[in-house]
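Step one of this worksheet: look at the structure below.
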Amino acid sequence: MFKGKWKLWVSSLIIVLPSLIGLLFYDALPAVLTTHWGADGAADGFSGKDFTLFVLPLVLLAFHWLCIWITFRDKSNKDQMDRVLGIALWIVPFISI
């Protein structure tokens, strides 16, 4: 079994942290939020407040857990497991913040 369960829980909490913070300021947020910026730094993607605060983090969380599951299913890379697991654990939380 996975020895670093706490790392999985911490990384999962980081992914949903923006949602929790968004709940605190829910009434003050505009109805439409920017969700993507182009290479030039200009906003080019917009979503509703509810979608941005609840659906996007849940999709990222599901993707995160899928990455972890796939990493553990790959028995051929046991020698690289710590490095691969470290990348799998922290890439999605990094992106979500």
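What follows is calculated from the coordinates using simple rules that are stated; it is not laboratory data. Source: prediction; values computed, not measured. Cβ placement follows ideal geometry from the backbone for every residue including glycine, while neighbour counts extend to all protein chains displayed.
Structure notes:
- Highest average first, the peptides 40-48, 18-26, 55-63 ordered by how many other beta carbon atoms sit within 10 Å of their residues are 55-63, 18-26, 40-48.
- Over the chain: helical MRE at 222 nm, DSSP H runs n ≥ 4 each giving -39500 (n - 2.57), nearest 500: -19000 deg cm²/dmol
- Leu58-Asp82 FRET efficiency (beta carbon distance; Förster radius 35 Å; 0.05 resolution): 0.80
- Over the C-alpha trace of the chain, radius of gyration and Dmax come out as 16.0, 50 angstrom.
- Sorting the segments 30-37, 87-94 by their mean number of nearby beta carbons within 10 angstrom, highest to lowest, gives 87-94, 30-37.
- Where labels lie 7 Å past Cα in the beta-carbon direction, separation of Ile91 and Leu23 in nm: 2.9 nm
- Charging the Cβ of each Asp and Glu at -1 and of each Lys and Arg at +1, and nothing else, the dipole of the chain about its Cα centre rounds to 600 debye.
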